[in-house]
Structure formats: structure tokens, C-alpha cells
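These notes are about the structure you will find just below.
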Amino acid sequence: MSRPGFVLEVDERTPALLVHQGEGFRLEKFPLGTRVIYPPESLPGLRGLDGHIRHALDHPLGAEPLRELLFAGMKLTIVFDDLSLPLPPMQTPDIRGRIIEAVLELAAAKGVDDVELIAGNSLHRRMTPAELKRAVGERVFRSFFPHHLRNHDAEDRDNLLEVGATKHGEVVEINKRAATSDLIVYVNITLTAMSGGPKSVSVGLASYRSLKHHHNVHTLRHSKSFNDPPNSAMHHSYDRMAGVLDAQVKIFQIETTLNNDTFPSQLGFLNKREWEWSIRDQATYLAVKRANDLAPVRQRRALWHRTAAPYGITSVTAGSPAEVHEVTLRNVLRQQLTEVDGPSDIGVWGLPYICPYNVNSIMNPILMMSLGLGYFFNLYRNQPIVRPGGVAIYYHPLRNEFHPVHHPSYIDFYEEVLAETTDPVAIEAKYEQQFATDPWYTHLYRNSYAYHGVHPLYMWYWGAHALEHLGQVIVVGGDRRTATRLGFRAASTLDDALEMARDVVGRSPTITYQHTPPLSMADVR
Amino acid sequence: MSGEREERAQRAPQPRTKGQHGEREERQRLRYRKAGTAVGLLKETRTLLSGRDWRGRSRTPRSAIEHESPEGPREFPTGWARMAAVRAARHGIQCAGLTPLTWSLTRPSVQGLHQLESLTGPAVFIANHSSHLDTPLILGSLPRRYARRIAVGAAADYFFDARWRAAVTALVFNAFPVERHGSRKLRSLAPHLLDRGWSLLLFPEGTRSEDGWMGQMRLGAAQLCVTRGVPCVPIVLRGTYAAMPRGRNWPVPGRPRVVVQFGTPLVPAGTEGARGFQSRLAGAVSQLWAEEDLGWYRSLRDSADGRLGLPVGPPAASWRRTWESSRPLPSRRAEPAWREDALP
């Protein structure tokens with residue numbers, strides 16, 4: 001039986017608590033009275049997973065069984081989440097591959113010849129063949145790559161189709177092959193409440209023309225939070241677009257949820273509550289910590305990115321996207337939600353080495369901002385864990401490092417745009433078109449492994465709500481010059497950061513540390 | 001922006017780290033890091049161990065107690081510790097090591113031993129508990145016929161959670177695991193041991209006192225005496241909290257005085273229930289506790305008048321409670337309640 005999440009209040013018995021810090025971690029003694037949000041313990045994974053997958057396909061919600069929807073001569077497109085999910089990548093076999101195999105077994109039995117597999121990577125970088133193989137499995141890869149297993153190309157004008165527009169004037173433009181198929185089967189992994197459901201097709205297969213309607217500063221500032229779909233303007237936009245899509249395309253959605261087994265057993269202490277660490281956990285901590293600190297940055301990064309999570313699957317649900325997603329969200333919240341009593345003056349987060357956009361890559365300063373002020377800040381329901389005008393403290397080395405192949409437009413954004421302004425509204429007005437339509441970035445996105453030119457701006461918008469909400473952002477252990485460029489402040493230690501924060505929130509601030517990963521979501525009452 | 005294409009393309013293949021930190025700087029940084037390894041490890045270890053005891057275990061933060069994981073069933077066999085060879089070894093350890101060491105680090109004053117002279121057969125000894133000194137002091141004070149055939153109830157979750165610790169505890173003290181916190185995972189060995197003629201030493205509070213004062217006595221010992229019809233000997237230890245309180249692994253310097261006070265053995269009456277017997281035990285413990293402060297006769301009088309309760313301490317702030325109970329005992333016991341010159 002997994003224990004529910006809870007809020008710890010640091011007392012004199014509390015040992016030093018683990019905090020992630022980029023490609024590393026540390027133990028930190030928090031001030032007495034600090035609240036620490038722990039997620040529920042990892043739920044047990046489903047046993048007999050293939051049986052659960054077959055059951056989901058045969059007993060879908062709000063749709064006919066998949067075998068009834070397949071027929072010879074049809075055009076079938078299977079779309080799957082790209083490498084941004086899950087985080088860290090899961091140990092093989094990947095659940096996407098297992099589901100796709102089950103779907104293809106049914107399609108083969110029905111004599112479906114015209115099958116295409118598309119990674120729903122939207123404006124993300126293309127997945128490499130090795131990454132595709134890892135996601136879909138050897139058998140699927142061998143049968144379909146390269147001609148019928150590919151990445152979505154949001155800049156291939158010939159292969160995009162405008163399906164329609166919402167009553168708000170939002171253009172719905174998606175991959176043409178998918179839009180003209182008799183059936184889209186979408187294979188999803190829902191890691192946070194933000195993903196899945198109406199977002200899957202309307203974002204994963206969309207173009208910039210379509211994405212700009214919800215990936216903008218105004219929408220994101222009114223998404224409070226974007227992990228709480230009923231209160232997220234971004235999700236309202238997804239819903240409207242999904243309505244347009246439903247009228248034109250038949251979508252059979254298969255969604256899965258994961259438990260909180262984020263780190264392999266060798267790093268088991270990262271999944272445990274600190275006062276329950278055994279002697280072995282403590283010895284492992286010391287050994288891993290020292291080895292990690294001594295390793296050169298590149299080797300350290302390579303090691304972390306080779307770490308695969310032994311996730312258990314907590315649910316497999318299939319059917320119509322809206323009905324499936326309701327069940328999926330319940331399962332996500334069952335694993336992640338912890339009730340918290342009101343916001344505090346200061347919020348603390350330890351940022352890990354990975355975010356959705358640096359898988360097998362470098363977490364550059366823009367991505368640190370997106371992870372901290374976008375993803376982690378928004379891991380709440382009702383209200384943020386920090387009061388308006390409060391201070392956010394993040395742990396991250398914040399190195400001025402960029403992956404030149406994956407993030408070329410990020411480099412220019414950092415050097416040219418952030419040097420001038422950090423205001424999301426100003427950036428959107430002045431630079432978005434320029435970055436979105438730059439032919440060099442477009443070329444790299446389509447032919448190399450680069451994120452789309454506009455992606456760094458989207459990452460900046462991702463933190464727009466937090467920037468507006470917070471009085472100050474402090475990065476513990478962060479490079480000072482880089483922090484200054486981002487509009488943040490750097491501190492060497494937590495004590496320094498708290499001292500700096502006191503200028504903003506007063507002498508006796510309340511502090512809340514959101515202990516994640518494993519992912520926790522705060523239900524702040 | 002098109003004019004910058006070539007420049008950008010040239011710049012692209014080189015990661016920024018290269019440009020900013022040359023190989024030489026990187027090597028130098030690595031050298032510094034290696035030099036700091038020992039210091040870093042020490043610092044890490046210190047941070048890791050802060051808030052943990054010498055075994056590396058942390059107490060559960062108060063707000064996390066209700067979220068503790070239910071522990072899996074486990075049992076440590078202790079039968080071997082009562083075999084003849086092990087008993088001989090234990091006798092050697094206690095006589096040559098434990099008792100002399102305890103007596104050299106503290107100044108025990110053992111009183112009331114004559115009460116045990118008429119006692120025959122196995123008995124249950126109960127004592128207040130505020131220090132790790134308590135067990136060695138009692139074992140070292142007991143007459144040999146009891147000291148050689150006594151088993152000590154020890155917290156299963158504390159002394160029997162690791163095999164090596166369980167083995168050492170069983171060997172040195174002839175300890176057997178006692179479940180506390182209402183757990184029923186282990187079958188109690190106590191009735192079995194009494195049936196086989198072993199006396200028992202139990203601490204009915206279930207744990208060492210946090211502040212030196214007594215906590216509520218649990219019903220288990222009284223229940224055992226009533227159901228098995230064995231006598232119970234109350235013992236009160238004074239000064240052990242001041243000598244070595246919870247959190248210390250060694251007595252304070254200066255050989256502090258400690259008192260081991262044996263009371264009159266109490267035998268459950270034929271129709272007496274566990275609660276009634278427990279109440280008598282509590283009265284005896286209260287009287288023994290007061291004897292150190294008031295003298296024997298005055299404590300008897302106060303007890304008879306119902307003026308004594310279990311010594312749970314004053315209803316004051318925790319620091320005051322600790323302050324009071326950590327006061328060293330006076331080097332001599334209190335003056336008797338009567339005046340020498342008033343005697344006939």
C-alpha cells in the first residue's frame with residue numbers, strides 16, 4: 001500500500017533534505033518550520049501489462065473497440081508522444097512500443113496495409129533513428145523506418161492541412177497525413193496533468209500557425225496553472241481546437257500514466273524520504289555524490305542522461321480523447337497530488353538535470369527558466385505555493401552552456417534578445433515573428449536536430465505567469481552573470497538566498513520546499 | 001539576420017564550454033577539485049549525519065510520524081542467548097566488563113536489596129527508564145541468583161532492527177524483543193520465559209524518558225504478573241538521566257551519583273485484576289521515587305495519605321522539566337524525616 005503525500009514541517013529531528021541541482025544533488029538543512037511537500041509514494045505498477053493493453057483496446061471508453069474501427073484498405077496513422085516524455089526516459093521496453101505493437105497486431109489481422117507512424121514532436125527537435133527505435137521498439141522500427149516511421153514536420157507546407165478554425169478564430173492546422181486518415185491512433189504517456197487529452201493531436205501534430213494561438217504570453221499568463229486544465233486558458237484553447245478536430249478526424253486515444261519510480265534502484269535513495277534512509281542509502285549517497293562532483297561536466301551529463309527510469313504503468317485507458325483523459329487525469333493526480341495549507345512567502349525548488357527539451361542534450365539557461373518558472377512553479381492547483389510578490393528560490397548551476405545542434409536559436413535568443421529585455425510581452429511583440437520565420441532556423445529544424453526557431457521564446461513565455469506573480473527569483477549555486485542576464489539573482493548558499501529574499505518578503509518569511517522529483521503537485525487550499 | 005548565417009554556422013559546432021573554459025583551466029579546476037575531495041567528503045558526511053544518531057538513523061520528524069511506513073514482520077531468535085555456554089560468557093562480560101565500567105563511571109548507591117531475601121522463584125522486575133545506564137545498573141545490583149537468570153525486555157524496533165545489534169544486545173543483556181507502539185507482529189516471549197524459570201526485567205514506560213520524568217506505565221507487566229501469578233519487584237532509578245540522558249552515548253564526567261532503589265515485592269492477590277495490580281505498582285514506584293527526596297518514613301506517610309502520584313514532573317515548559325531532572329543528585333541522600341534529637 002503506497003502512502004499518500006504529505007507536508008512535512010521541519011523540526012529539530014529532521015535530517016538534511018535532498019535537493020536536486022542540475023546534474024547533481026545535495027543535502028540541505030532547511031530552517032525550522034519550513035514546509036516540505038512530499039508526493040505520494042510510488043503506486044504499484046500494473047502487472048500483466050500486455051493484458052491490460054489488450055483489455056483497453058477491446059473495451060474503450062466512448063468508442064467502439066479498436067478492432068471494429070480497423071478495416072482493409074483504410075488509412076491508419078499511429079501518432080506517439082516524442083522524446084519529451086517521459087522524464088527521465090523509461091527503461092525499455094517503452095510503453096509506447098508495447099501499445100503500438102498491440103495496435104499493429106490488430107491492424108495486421110484486419111489487413112490494414114496503409115499504416116504510417118508519426119512522432120508528435122510539434123516544434124521540438126526531430127528524434128534521431130536511435131531515439132525512435134528506443135520509443136517504438138526494435139520490431140516496429142525494423143518494419144516501418146524510414147519511410148513509414150518519421151517525425152512530424154511543422155514546416156512542411158505541403159504536408160500540413162488546415163482542418164478549420166474555432167469560433168475564437170484559432171486556426172487548426174495539423175499534419176496532412178493524419179488529418180486525411182480514416183483513423184488516428186494516438187499513443188500517449190501522461191506524466192503531468194498538463195499533457196494528453198485534447199493537447200495530444202492539436203499540439204503534437206500542429207504547425208506554428210496553429211500553436212501561436214495558445215503558446216503566447218496572454219494565454220499562458222491566464223493559465224493558473226497549466227497543470228490544472230479547468231483553470232488553464234491554454235487548455236480551453238486546446239479544447240476548442242479538439243472540438244474542430246473531432247468534427248473532421250476520428251481519433252482513438254490510448255493514454256497511459258506512470259508511477260513515481262523515477263530513479264533506478266542503484267539510486268534508490270533519491271526516491272525515499274530522508275529520515276528513512278538506511279545505512280546503505282547513506283553510503284550510496286556519499287559515494288554517488290562524491291563521484292558525481294568529481295566527474296567532469298560532460299561525463300557527468302552523459303551518465304545522467306543514460307539513466308533510465310524503472311517506471312511502473314498505473315493505467316492504460318483507450319477510447320475517445322475526452323473520456324479517456326478524465327480517467328487519466330484522476331490517475332495522474334492519485335500519484336502526484338498533495339494537499340497544502342495556503343501559500344508561503346518563499347518557495348524552494350531543486351531543479352534536476354532534465355526537462356522536456358534537453359533529453360540527451362544540455363539544460364541551457366533558458367530551459368532552466370522554463371523548467372523552474374514554467375513547469376515546477378505550475379505544479380499546483382488552486383493557487384501557487386508562493387504568495388503574490390513572494391520569492392522563488394531554485395537550485396541550479398545555471399551554466400552558460402548551449403547545445404549548438406539542438407538549440408541554435410536559443411543561443412541567439414540569449415545573446416541578443418535577453419541582453420535587451422526579459423519582458424515576455426516585449427519579446428513577443430518585437431522578436432517572435434523574426435525567430436519563427438527565420439529560414440536558417442527553419443532549415444535546421446527540418447534537416448538537422450534543432451528545436452524550432454520560435455521555441456526559446458515559447459520557453460520564456462512558459463515562465464511568464466511566474467515572472468508576473470513573483471517578486472524575485474534567486475538561483476542557489478547559479479552562475480552570477482547568467483543569472484543577471486535572465487533577470488534573476490544568484491546566491492552561493494540557501495542562507496544567502498534567504499537573506500536576499502528577506503529584503504522582499506520581510507524578516508520572518510514562511511518557506512515551502514516542493515520536494516521533487518519524483519513529481520509532486522500541490523493542491524494549495 | 002541572413003547576413004549572419006556563415007558566422008552562426010561556424011560558431012555552431014563549438015559548445016560554449018570550450019570557448020569559455022580552456023582545457024588548461026578545466027584541468028586546473030579538476031586538480032583543485034581532487035585536492036578538495038577529502039574535505040568535501042568530510043563536509044558531506046557531516047551534513048548527512050547531522051540529525052542522525054551514531055547508527056546513522058534519524059528520528060522521524062513529528063509531522064511525519066503518522067505517515068510512517070508499516071514495518072514488515074521480522075523476528076530475531078534469542079534462544080541461543082540462554083544456552084549454558086552463552087550464559088557463562090555473559091556472566092564473564094558483565095562481571096569483568098560491564099559492571100566495573102558502569103561503577104567506575106558513576107557512583108551507584110544501591111538500596112533496599114534486603115527486600116529480595118525472602119523472594120523465591122522467578123519474578124518480574126520493573127523500573128523507570130531514562131538512560132542506557134539503567135539496565136547495567138540493575139543487572140550489576142541484583143543478587144547473583146537473579147542476575148544469572150534474568151532476561152531483559154528490549155524495544156524490538158530499536159535493539160532488534162539490525163542483526164548485529166540484536167546479537168550484541170542478546171549476548172550482553174540476555175535481551176528479548178518487546179514490541180511497542182501497539183504492534184502485535186511478534187509473539188511475546190515473556191510468558192514462555194517465566195514458565196521456564198527466568199525472571200524478567202521490564203521497563204513499563206516502553207521507552208526512555210525524554211526529559212527525565214516518568215511517563216505513563218503500560219499495563220503489560222501487571223497483566224503478566226496477574227496471569228502468571230508471579231511477584232513483581234518495583235525498582236526506581238534516580239540520577240541516571242542527569243548522568244547519561246537520551247542522546248548521550250557516554251556518562252557525563254565526574255562520576256555522578258545514581259541511586260538504585262529496590263522496593264518490596266508485590267504479589268497479585270487471587271481476585272485482583274491487572275488494573276488494580278498496576279495501580280498498586282504505580283503507588284510503590286511513587287513511594288520509592290519520593291524516598292530519595294523525603295526519606296523512607298516520610299515517603300511512607302505521604303504515600304499512605306495519598307499525597308504521592310507517579311513522578312511525571314511539574315506541568316511546566318519542557319526546558320524547566322529537563323532542567324529540574326538533569327540536576328545532579330546530592331552527594332548524600334536527604335536527611336531523614338525525623339530529627340535525631342527528637343528520638344526517645
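The values are calculated or read from the model by the stated rules, or taken from the named source; none is laboratory data. Computed from a prediction, not measured in an experiment: that's the story for all the values here. Every residue, glycine as well, gets a Cβ built from its backbone with ideal geometry; the counts of neighbours run over all protein chains shown.
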- Tell me which of these A:Ala295 doesn't satisfy, since it passes every other one: (1) hydrophobic (A, V, I, L, M, F, W, C); (2) in contact with a Phe, Trp or Tyr (Cβ under 6 Å, 6 or more places away or on another chain); (3) in the same structural domain as A:Phe30 (by TED's automatic domain parsing). (2)
- Message: Take the conditions of a type in the set (A, V, I, L, M, F, W, C), facing chain B (nearest Cβ under 10 Å), part of a helix (DSSP H, G or I) and surrounded by fewer than 17 Cβ atoms within 10 Å (Cβ to Cβ) and apply them to A:Ala283. Does it pass?
- Response: yes
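Residue-by-condition table, conditions (1) within 19 Å of A:Pro356 (Cα to Cα); (2) aliphatic (A, V, I, L, M); (3) not assigned by TED's automatic domain parsing to the domain that holds A:Ala466:
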position: A:Phe144; (1), (2), (3): no, no, yes
position: A:Glu155; (1), (2), (3): no, no, yes
position: A:Asn159; (1), (2), (3): no, no, yes
position: A:Gly197; (1), (2), (3): yes, no, yes
position: A:Asn231; (1), (2), (3): no, no, yes
position: A:Ala247; (1), (2), (3): no, yes, yes
- When (1) more than 15 Å from A:Tyr380 (Cα to Cα); (2) touching a residue at least 12 places away in the same chain (Cβ under 8 Å); (3) part of a helix (DSSP H, G or I) are applied to A:Ile254, the one that fails is (3)
- Scanning region A:9-25 residue by residue, those within 23 Å of A:Leu87 (Cα to Cα), in contact with a Leu (Cβ under 9 Å, 6 or more places away or on another chain) and either assigned to a loop (DSSP other than H, G, I, E, B) or at the interface with another protein chain (Cβ under 8 Å from one of its Cβ atoms) (or both) turn out to be A:Gln21, A:Glu23
- Query: Here are A:Phe6, A:Phe80: which of them is within 24 Å of the chain's Cα centre (by Cα), hydrophobic (A, V, I, L, M, F, W, C) and within 11 Å of chain B (Cβ to nearest Cβ)?
  - Reply: A:Phe6
- Item | Matching residues, region A:382-395, being at negative phi and of a type outside the set (Phe, Trp, Tyr) | A:Gln383, A:Pro384, A:Ile385, A:Val386, A:Arg387, A:Pro388, A:Gly390, A:Val391, A:Ala392, A:Ile393
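Please state which one of A:Ala436, A:Ala450 is within 14 Å of chain B (Cβ to nearest Cβ) and in a loop (DSSP other than H, G, I, E, B). If you could, list the steps in order and put the result at the bottom.
Values: A:Ala436 fails: in a loop (DSSP other than H, G, I, E, B).
None of the others qualify; the one that does is A:Ala450.
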- Query: Quick one: how many residues across region B:269-323 are touching a residue at least 40 places away in the same chain (Cβ under 8 Å) and part of a loop (DSSP other than H, G, I, E, B)?
  - Reply: 7
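Within 14 Å of another protein chain (Cβ to nearest Cβ), touching a helix residue (DSSP H, G or I) at 6+ places or on another chain (Cβ under 7 Å) and closer than 19 Å to A:Gly372 by Cα - does that describe any residue in region A:414-430?
Residues of region A:414-430 within 14 Å of another protein chain (Cβ to nearest Cβ): A:414-417, A:430.
Those still in the list that are touching a helix residue (DSSP H, G or I) at 6+ places or on another chain (Cβ under 7 Å) too: A:414, A:417.
Applying the additional criterion that residues be closer than 19 Å to A:Gly372 by Cα yields A:414.
Yes, that holds for at least one residue.
For every residue, the table says whether it meets (1) assigned to a helix (DSSP H, G or I); (2) surrounded by fewer than 24 Cβ atoms within 10 Å (Cβ to Cβ); (3) polar (S, T, N, Q).
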position: A:Val203; (1), (2), (3): yes, yes, no
position: A:Leu220; (1), (2), (3): yes, no, no
position: A:Pro230; (1), (2), (3): yes, yes, no
position: A:Phe263; (1), (2), (3): no, yes, no
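May I ask you to verify whether A:Val505 is within 14 Å of chain B (Cβ to nearest Cβ), surrounded by fewer than 24 Cβ atoms within 10 Å (Cβ to Cβ) and among the β-branched types (Val, Ile, Thr)?
Answer is no for this residue.
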- Message: For region A:234-261, give me each residue that is of a type in the set (D, E, K, R) and surrounded by fewer than 24 Cβ atoms within 10 Å (Cβ to Cβ).
- Response: A:Asp239, A:Arg240, A:Asp246, A:Lys250, A:Asp261
- Message: Within region A:485-503, does at least one residue satisfy the condition of being under 25 Å from the mean Cα position of the chain (by Cα) and assigned to a helix (DSSP H, G or I)?
- Response: yes
- Message: Among the residues of region B:41-78, what is the count of those that are facing another protein chain (nearest Cβ under 7 Å) and either modelled with pLDDT of 80 or more or buried (at least 16 other Cβ atoms within 10 Å of the Cβ) (or both)?
- Response: 17
- Query: Exactly one of (1) within 14 Å of another protein chain (Cβ to nearest Cβ); (2) crowded, with 24+ Cβ neighbours inside 10 Å; (3) assigned to a loop (DSSP other than H, G, I, E, B) is unmet by A:Val405. Its number?
  - Reply: (2)
- Query: Taking region A:385-396 on its own, how many of its residues are within 23 Å of A:Ile354 (Cα to Cα) and either surrounded by fewer than 22 Cβ atoms within 10 Å (Cβ to Cβ) or touching a Ser or Thr at 6+ places or on another chain (Cβ under 7 Å) (or both)?
  - Reply: 1
- What pairs can you find where one residue is in region A:300-321 and touching a residue at least 24 places away in the same chain (Cβ under 8 Å) and not assigned by TED's automatic domain parsing to the domain that holds A:Asn271, the other is small (Gly, Ala, Ser) and buried (at least 22 other Cβ atoms within 10 Å of the Cβ), and their Cβ atoms are less than 8 Å apart, with a gap of 6+ or different chains? A:Val316/A:Ala56; A:Thr317/A:Ala56; A:Ala318/A:Ala56; A:Pro321/A:Gly197; A:Pro321/A:Ser200; A:Pro321/A:Ala242
- Identity of the residue in region B:100-148, charged (D, E, K, R) and in a helix (DSSP H, G or I), that ends up farthest from B:Ser331 (Cα to Cα): B:Arg145
- Message: Let me confirm something: among A:Val140, A:Val172, which residue is touching a residue at least 60 places away in the same chain (Cβ under 8 Å), farther than 23 Å from A:Asn358 by Cβ and assigned by TED's automatic domain parsing to the domain that holds A:Val115?
- Response: A:Val172
- Query: Looking at (1) over 30 Å from A:Val185 (Cβ atoms); (2) modelled with pLDDT under 95, which is the one condition that is false for A:Ala322?
  - Reply: (1)
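Hey, can you tell me all the residues within region A:159-191 that are among the small types (Gly, Ala, Ser), surrounded by fewer than 21 Cβ atoms within 10 Å (Cβ to Cβ) and touching a helix residue (DSSP H, G or I) at 6+ places or on another chain (Cβ under 9 Å)?
Listed by number, the residues that qualify are A:Gly164, A:Ala165.
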- Message: Please determine whether any residue of region A:356-375 is in contact with a Cys (Cβ under 7 Å, 6 or more places away or on another chain) and outside any helix (DSSP H, G or I).
- Response: yes
- Item | Residues (over 17 Å from the mean Cα position of the chain (by Cα) and either under 18 Å from A:Thr256 (Cβ atoms) or surrounded by 24 or more Cβ atoms within 10 Å (Cβ to Cβ) (or both)) located in region A:332-343 | A:Arg334, A:Val340
- Task: Within region A:318-329, count every residue that is more than 22 Å from A:Ala247 (Cα to Cα) and polar (S, T, N, Q).
- Result: 1
- Query: Quick check: anything in region A:290-306 in a strand (DSSP E or B) and either small (Gly, Ala, Ser) or within 14 Å of chain B (Cβ to nearest Cβ) (or both)?
  - Reply: no
- Item | In region A:436-454, the residues that are crowded, with 24+ Cβ neighbours inside 10 Å, aliphatic (A, V, I, L, M) and closer than 13 Å to A:Leu211 by Cβ | A:Val454
